[in-house]
Amino acid sequence: MALEFIEALSTDNLTAIKAIPKADLHCHAFFGTRLENVERWLGHPLKKAPPKMSGLEGMLAYAGKFLAPHLRCRRGLEFVAASAVRDAIRDGVVVFEMSFDIRCAGFYADGLTGLRLFIENLVDCHKMEINLRPELGFPRTSAANREDMDLANHAIELGIFHSIDLYDDETACSPEAVKPLYTKARDAGMKLKAHIGEFGGAEEIRHAVDTLELDEVQHGIGAAESTEVMRWLAKNDIQLNVCPTSNVMLDVVPELSAHPIRVLYDSGVRVSVNTDDLLIFGQSVSDEYRNLYRAGVFTAQELDEIRHASLRGQSYHEN
Ligand SMILES: [Zn+2]
């Protein structure tokens, strides 16, 4: 299998790359499918994301104007999430950690009950093809919102989420503000993740990992500025779930060939390759592997090693 992946990359055979098992550990359900699928569903074209957006603000301005108005409802969420699972299966993703924002419960008259039913059905429908591991998504801006916090606590008790993730403006709340929620998630056996170091620096990453006892970091590329923090992440076996195209399009990284994932990897930090928001960034996991190879960031052997490591300890069906 490994030889096949190496050969598929070095002969630029995208069909063969797609056929080999991969993980996607950083994907948001709300924007998780390809733009074409949403256009077909809506029956009209949508404006594509520009190749460069100015950070999270730029992305939210684009998504808020051109995408969210069509999708911010139960039908929109359910279409995109189900379509995202089909996209992932077609791409050879066998382990899929897709996050559902806690505010999605508001799309259902019966709140979390309805959301839970939808997620459980989705997992069940595709269980022979993909290990879909629903993730609880909690925006930092909700940390001060009592209702959202109560909902998130209740969501953990339901036992349908395998992991928890924190995102939104990195400065919107301190790690301490969500510490009780994370302790509860840890006690429930969930994997702990948070978006940090996408825009912020190495010390913020160390502080959040330390405070929240994170298992993995979404992005975390800011760690590349500090040899000491990279060494610390490597020593503590903290994996960074990196989304290369997202970083380039949000202008954190000027171009793929200069992506700090190389420095992180060379420093012994565990990295994985993921999509973030397929609807906006347009690159599947297979595309991302291919792009990294073509840009000369990694050799095919190194990418195969990254692919293997990201599947490590996960259960999935080999097709
Ligand atoms: Zn993300």
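Taking the Cα centre of the chain as the origin and placing charges on Cβ (Lys, Arg +1; Asp, Glu -1), which of MET190, ALA223, PHE138 is farthest toward the positive end of the dipole? After comparing all options, I get PHE138.
Counting neighbouring beta carbons within 10 Å and listing from fewest to most, the residues VAL178, VAL297, VAL93 come out as VAL297, VAL178, VAL93.
For GLU204, GLU302, which order do you get if you count the other beta carbons within 10 Å of each Cβ and list the fewest first? Numbers along the way, then the final one.
Details: GLU204 19, GLU302 16.
Ordered by Cβ neighbours within 10 Å, fewest first: GLU302, GLU204.
The charge dipole of the chain, taken about the Cα centre with unit charges on the Cβ atoms of Lys, Arg (+1) and Asp, Glu (-1), comes to about 640 debye, rounded to the nearest 20.
Here the calculated FRET efficiency for THR211 and LEU46, from their Cβ-Cβ distance with R0 = 45 Å, stands at 0.70, rounded to the nearest 0.05.
The label point for TYR108 and the one for SER54, both projected 7 Å from the Cα toward the Cβ, are 3.9 nm apart.
Dipole of the chain computed with +1 at Lys/Arg Cβ and -1 at Asp/Glu Cβ about the Cα centre; of PHE31, LEU3, THR245, farthest Cα towards the positive end is PHE31.
With +1 on each Lys and Arg Cβ and -1 on each Asp and Glu Cβ, how big is the dipole of region 255-295 about its Cα centre, in debye rounded to the nearest 20?
Working: 4 positive and 6 negative charges, 38 e Å.
About 180 debye.
By the count of other C-beta atoms within 10 Å, a proxy for reagent exposure, HIS70, HIS44, HIS28 are ordered fewest to most as HIS44, HIS70, HIS28. Computed from the C-beta positions of LEU117 and ARG312, the FRET efficiency with R₀ = 25 Å rounds to 0.20.
How long is the gain from ALA177 to CYS73 if the chain were fully straight, where each residue apart is worth 0.36 nm and the alpha carbon distance is subtracted? Numbers along the way, then the final one.
Working: separation 104, 0.36 × 104 = 37.44 nm, distance 2.86 nm.
Stretched fully, the ALA177-CYS73 segment lengthens by 34.6 nm.
For the pair THR227 and ASN145, a Förster radius of 45 Å applied to the C-beta separation gives a FRET efficiency near 0.70, rounded to the nearest 0.05.
Checking the a/c ratio against 1.5 first, then a/b against b/c, what shape does the Cα gyration tensor give for the chain?
Details: a/c = 1.37, a/b = 1.13, b/c = 1.21.
Taking the square roots of the gyration eigenvalues as a ≥ b ≥ c, the chain is rounded.
FYI, it's all coordinate maths here, none of it is from the lab. Being a predicted model, the structure only gives us computed values, none of them experimental. FYI the Cβ positions are ideal-geometry reconstructions off the backbone, even for glycines, and counts take in every protein chain you see.
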